[in-house]
Amino acid sequence: CAVKAAQVLSEIAKNEEMKKPCIEADLVLTLIPLLESTDQEMLLHAGRAIGRICYDNRDLQEELVKVGVITSLVRILTDYAESEPLVHVDLLALCNLADLDTAKEALSKTKVAEQLVKQLRRAESHERLEIVFEVLQALAENDALKVQLVEAGVQEVLSEILLRLQGSSQAEDTCILKAASDLIVSLLLGEPIRSSVTIKARQPLMGSAYSHFTTREKSALPFFGLKDGNCVRMVQLGVIHQLLDLLEKHVESGDISVQHAALSALRNLAIPVVNKVQMLEEGVAERIQALLRSEMPPAQFKLLGTLRMLADGQADAAEILGQDPTLLNRLVQWCNANDPTGICGEANRLLASILRHNRSQEVVKAIQEAQGVKHLVSMTTSEHAAMQNEALNALAIASTIDLGTLEESFKESQLVQSLHKILQDDNTSPEVKYNSIGLLCSLLNSGDLRQEIEEDKIKETLEQLCSHSNANVVKEAVTTLQVLRGET
């Protein structure tokens, strides 16, 4: 009678008022051993009954994990992978329990990643894909499970899904594309993004996991253990062009959440050096610039960030971008923008990156002709130390390459006076002071700028900095004073 009894209990537990009596009767602990049965009907009814009784009860869910239900669930998923009803109930259970840290820890000691990737590959219905994605998103919050998912080949399956659905205009397919893009981001980021797929109403099982999650923008570096493997493998599989195809379809009038997910993935895929080279060779920079024509600031912000990642450490990329007058003029327009989206700052950072990583006199002249220098001078006084340092380093490198071209712009934008204020400010970080003095030393190679430095009495400030608490600041101040005095 056990099978029939489990079936009756699973029906009774549908009623909210009956959950408490079931709990008080210790029915959960009585049902758990039934999950070791080899009778599929028994497993189905026992699983449903346990899930319905424990739904939205965190204490009971923790108790389930403690008594080893995770092992049973993974065994069922492994042994009955072809049984649609059992797999469905099992995935619902995993989806609900996977939010618990104890469950993630227990799952990391099993081969659940391998089984979930198999289910993702064989899933045919949108509903099945949605629930598998939700389980995977939850598991991707655990570093060990993230590595296991990659080793199980989840990136290849995601690539196949993107390729298969990217041309579809159906709302359900768009939902799946978003989930796949989100999962790519989760695998690349140190802190995963939860899926923003809206799961259809269905019978709950072991927890409350069916809320609507929204994508949060991330600027973290890729997960350390995966960036040289997972990230590179995804680019080799052609994920970049699938994401770009997706963006070209959605950037003007499509689903904004799809844009966010694809853009976040794109930006983080551009971080490993080997990926930069491949992406540049495959014309990704040109496709991104074409997408920049979009008048959607959130998309523009992330596209600019991707170009900045591509230029980072890549002189060839910086030279290509730095000699594109259309791009430079657009960047300067954005630098003038006063908007809350952050696009102004990202445009400034890309300009600085182009100057920092290039070694070409033509690039310096092109940015000067586009009137971008004044914006970089303004960036040296940013409230963010990172942006200050980027601007200071960019201007120092540009000054070394072609100070004559920049001399007039530096005078008009009062660069010398800005640097003096930075050095006089006690709140300025040592690194910013160090870079400011370095730029100041480069400016001494110009007669007119040297005169400005002398007239602004920066010598006295440098003498004071010779007793600064930071040894690097002191060393740079001493060196610059020697140059200023003509001693070296």
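Positive contributions from Lys and Arg (+1) and negative ones from Asp and Glu (-1), summed over other residues with Cβ under 13 Å from the Cβ of Gln119, come out at -3.
When shorter helices are ignored and each DSSP H run of at least 4 residues is given -39500 (n - 2.57), the per-residue value for the chain at 222 nm works out to -21500 deg cm²/dmol.
Along its first, second and third principal axes, ordered by size, the range 100-146 spans 30, 17, 13 Å in Cα coordinates. Taken one residue at a time, the phi angles of the range 51-62 give Karplus couplings (6.51, -1.76, 1.60, θ = phi - 60°) of x, 5, 5, 8, 4, 6, 10, 4, 4, 5, 5, 4 Hz. Gly and Pro are set to x. Counting only lysines at least 8 places from Lys146 when in the same chain, those with an alpha carbon closer than 24 Å to its own are Lys66, Lys104, Lys109, Lys111, Lys118, Lys178, Lys218, Lys227, Lys276. Loop-resident trypsin sites (Lys or Arg not before Pro) (DSSP state other than H, G, I, E or B) in the range 452-488 with no more than 14 further Cβ atoms inside 10 Å of their Cβ: Lys457.
Counting Lys and Arg as +1 and Asp and Glu as -1 over every other residue whose Cβ lies under 15 Å from the Cβ of Asn435, the net charge comes to 0. For the chain, the longest principal axis of the C-alpha atoms and the axis of helix 325-336 are separated by about 90°. Taking a sphere under 13 Å around the Cβ of Ala315 and counting the other residues whose Cβ falls inside, with K and R at +1 and D and E at -1, yields a net charge of -1.
Counting only alpha carbon atoms, the long axis of helix 430-443 and the longest principal axis of the chain meet at about 40°. The Cα center of the range 122-141 and the Cα center of the range 406-422 differ in position by 56 Å. Straight Cα distances below 25 angstrom link Lys374 to the lysines Lys302, Lys365, Lys411, Lys421, Lys433, Lys457, Lys459, with same-chain residues fewer than 8 positions distant left out. In a DSSP loop and with at most 14 other Cβ atoms within 10 Å, the GluC sites (Glu not before Pro) in the range 97-130 are Glu124. Per-residue Karplus couplings for the range 66-72, computed as 6.51 cos²θ - 1.76 cosθ + 1.60 with θ equal to phi - 60°, are listed in order as 4, 8, x, 5, 4, 4, 5 Hz, Gly and Pro entered as x.
We did not get these values from a lab; they are worked out from the coordinates using the rules stated. Remember, it's a predicted structure, so these values are computed and weren't measured experimentally. Neighbour counts are summed over all protein chains in view; Cβ atoms, including those assigned to glycine, are modelled from backbone coordinates with ideal geometry.
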